[in-house]
Amino acid sequence: MSIDNDTHTDTDDVVSQVEHDDLHSHEISDKNYVIIALLLAVLTAMEVAATEISSFPSSLLVPALLLMMAVKFFVVVSYFMHLKHDAALFKFGFYIGLAGAVVLYSVVLTTFHFFVN
Amino acid sequence: MSDTTIEQPATPEPEMEIPAGYDDGQDHIGLPHHTTTGLSNTKLAMWLFLGSECLLFGGLISTYMLYRNRQGDAIGPDQLWDIPFTSATSFILLMSSLTMVLAVSAAKRKDERGTRLWLTVTALLGGLFLAGQVYEFTVFYREGLGYTTSLFSSSFYTLTGFHGVHVAVGIIMLLSLVGMLAKGRVLGDKAETVEMIGLYWHFVDVVWIVIFTLVYLIPA
């Protein structure tokens, strides 16, 4: 029995250590955080430039702005908030709220003919 | 009646049972928590709260989108926006997310001085953003855009005002945490406490990313 218990404890320790190492392997260095912040700043500058440059095709303006907004949103959520490498339950808790909001308010806006106008 | 005191047999203090999810002050970063899910209950609650906040801000943003052109003869968004100024305040808030993540990183390294420094810088940047928003509101009011001037103005002030209140609450939490860390009054896992406030702060930032594009940049 004691051998079994010892083996169990050892296995637990190994599993914990592997999980510990696995989570730490996803940790981002401070230097990389600065690079991500610079990327976000560049995207913001591109957004502003797209609206200020009169030669930018007007049909592409809104899709381009929405795309850059979405990229910035998911970069912050994934890397600054560490959701990319976090537990599935945390992802579910946040994304269910986000998806619910997008679906619900898309229906509301459609009902009020927002997209038609 | 004689006063007789019955001596109670000395009973040992019952051992406190540590409830699930309670943190014992040890560093559990990357290790399973003692909860039914094996995850931190505090963190789960924070993510669920942020998920519900998506619904709150989704409602406010949708209302603004519906009413953005309903200003009648009153002043409208195209005559008001000062994009270079709002871009500068957006940049400040974006950089506050960087300083916040550096605070979390310092907390995980147990660098308390660095944690307090980055948290203070984050609060200052948040304060700067808020000052910019107050200035912007003042300018708009002087231009003739009151809260009840039009449906556009009401929905605009409600949306950006709600966001501003979230920033203000975040600043209060940041400064309180700095004070509590300085006095050693943070119980439990310090890194996790810093991370929770960080999650809230980053969320305030992502909401502004959406507001900045949908309200200020996309033409009405």
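Counting only alpha carbon atoms, the long axis of helix B:112-142 and the longest principal axis of chain B meet at about 30°. I want the local charge near residue A:48. Using Cβ-Cβ distances under 13 Å, sum +1 for each Lys or Arg and -1 for each Asp or Glu among the other residues. Overall, the nearby charge balance is -2. Rolling a 1.4 Å probe over the protein heavy atoms gives segment B:41-217 an accessible area of 40 Å² per residue. The largest-to-smallest principal axis extents of the Cα set in segment B:41-217 are 58, 29, 23 Å. Helix B:190-211 axis versus longest C-alpha principal axis of chain B: approximately 20°, rounded to the nearest ten.
Of the residues B:216, B:63, B:197, the one whose Cα sits farthest toward the positive end of the charge dipole of segment B:41-217, with +1 on the Cβ of Lys and Arg and -1 on the Cβ of Asp and Glu, is B:197. Over all other residues within a Cβ to Cβ distance under 10 Å of residue B:152, the charged ones net out to +2, with Lys and Arg as +1 and Asp and Glu as -1. Charge tally around residue B:174: other residues with Cβ under 14 Å, Lys/Arg +1 each, Asp/Glu -1 each, net -1.
Phi angles of segment A:71-84 translate, via the Karplus equation with coefficients 6.51, -1.76, 1.60 and θ = phi - 60°, into HN-Hα couplings of 4, 4, 4, 6, 5, 5, 5, 6, 9, 6, 8, 6, 6, 4 Hz per residue; Gly and Pro are given as x. Over chain B, Cα pairs under 8 Å with separation of 6+ residues give a relative contact order of 31 percent. Heavy-atom accessible surface of residue A:68, to the nearest 10 Å², is about 20 Å², with a 1.4 Å probe and all protein chains retained.
Summarising the label geometry, the points placed 7 Å from Cα in the beta-carbon direction at residue A:53 and residue A:67 lie 1.3 nm from one another. Remark: segment A:49-117 is approximated by an ellipsoid whose semi-axes, taken from the C-alpha gyration tensor as √(5λ), come to 28, 21, 6 Å, largest first. Contact order for segment B:65-152, expressed relative to its length and based on alpha carbon pairs under 8 Å spaced 6+ residues apart, stands at 45 percent. Coupling constants for segment B:80-88 follow from the phi torsions by the Karplus curve (6.51 cos²θ - 1.76 cosθ + 1.60, θ = phi - 60°), and in residue order they are 9, 4, 10, 4, x, 5, 5, 5, 5 Hz; glycine and proline get x. Please give the helix B:41-67 orientation as an angle from the longest Cα principal axis of chain B, in degrees from 0 to 90, rounded to the nearest 10. Taking Cα atoms only, the helix is inclined about 20 degrees.
The values are calculated or read from the model by the stated rules, or taken from the named source; none is laboratory data. Just so it is clear, the structure is predicted and the values come from calculations on it, not from any experiment. All Cβ positions, glycine included, derive from the backbone under ideal geometry; neighbour counts span all protein chains shown. Accessible surface areas use protein heavy atoms only, side chains included; no ligands, DNA or RNA. Shrake-Rupley method; radii C 1.70, N 1.55, O 1.52, S 1.80 Å.
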